[in-house]
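Here is the structure we will look at.
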Amino acid sequence: MNRISPIVILMVAILTGCSVHRPMETAVTSLEVPESFSWSTEFEAPAKWWEQFDDPNLTNLVEIALQSNYSIRSAWSRLDQADQLARISGASRYPSLNVELTGARIEYAEGTGPMSADESESYQAAATISWQLDIWRKIANASHASALDAEASRFNMEATAQTIAASVADTWFALVAERETLRLLSDQAAVSRNYLDLVEFRFSNGLASALEVYQQRSAVAAVEALVPESVATVKVLENTLNLLMGREPGTPIPEVLNLPE
């Protein structure tokens, strides 16, 4: 009896399993890619952009923040300081006038003063004008640098104000959304508890299994576990808003559950 070599069997199996791969033919698209893209426009954002939301509560919160926020007040102080320094530096470019007034009063023993006077008074006034010749423009350059510092402080104050306004708007909308989430979770928890009562009633009458009861209890616990987290998030957002407005934590925030259009 002839026996087939294992090597021959292996080669036959390999050749049998191999087949010619033919890639799928894909349709050629007619999309033409342009050589370059260009788009430009001019748009000037309104100064009080938060009023575009037409939300009176948001407008009120932003206005309070712009008046009472500690970062804004600090920026205003830096701007005022820079303006005063610019004025002082610029004053060196002009002549300075120094006026000095002195007076003296002398008392003498009886009859010993000039012309037998008992006392005498004397006053002197002097005025000097000085002006430093700025040949190398040292004073002018220092004054210009101070003016630029004041302008930079003004831009920094405006940037700070925009940042505070954006933070108030972002926190306010997040608070409104989280309050709505908390309301939905509370409603869902109430519905789940009612359904649990129904399942337990069906189980007591032999119409539901113990597995259904345990599954519904698990669903109720899962929803109720989300409520405290949402409550904590609401408190954090409320305190953040109060901080942005320079108010104490716990100050009431308007109860709103609807986002603007």
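The values are calculated or read from the model by the stated rules, or taken from the named source; none is laboratory data. None of the values given here were measured: they were computed from a predicted structure. Backbone-built Cβ (ideal geometry, glycine too); neighbour counts: all protein chains shown. What goes into the accessible areas is simple: the full protein's heavy atoms, side chains included, and nothing from ligands, DNA or RNA. Shrake-Rupley method; radii C 1.70, N 1.55, O 1.52, S 1.80 Å.
State to the nearest 20 debye the size of the charge dipole of segment 147-217 about its Cα centre, where the only charges are +1 on K and R beta carbons and -1 on D and E beta carbons. Provide the component values of the computation, followed by the final result.
On the way: 6 positive and 10 negative charges, 86 e Å.
Dipole magnitude for segment 147-217 comes out near 420 debye.
Rolling a 1.4 Å probe over the protein chains gives TYR195 an accessible area of about 120 Å². The H on the amide N of ILE253, modeled in the peptide plane, is under 5 Å from the matching H of no residue at least 5 residues off or on a different chain. In this calculation the C-beta distance from ASP54 to ASN194 is compared with R0 = 45 Å, giving a FRET efficiency of 0.70.
Taking each pair of different alpha-carbon atoms in segment 147-261 once, compute 1/r for the pair, average those values, and report the inverse of that mean as the Kirkwood hydrodynamic radius in Å to one decimal. Can you show the working numbers first?
On the way: mean 1/r = 0.0567 Å⁻¹.
Result for segment 147-261 stands at 17.6 Å.
The fraction of accessible area contributed by carbon and sulfur in segment 176-224 is 58 percent, rounded to a whole number (1.4 Å probe; ligands and nucleic acids excluded).
Accessible area per residue for segment 211-261 is 66 Å², calculated with a 1.4 Å probe on protein heavy atoms, without ligands, DNA or RNA.
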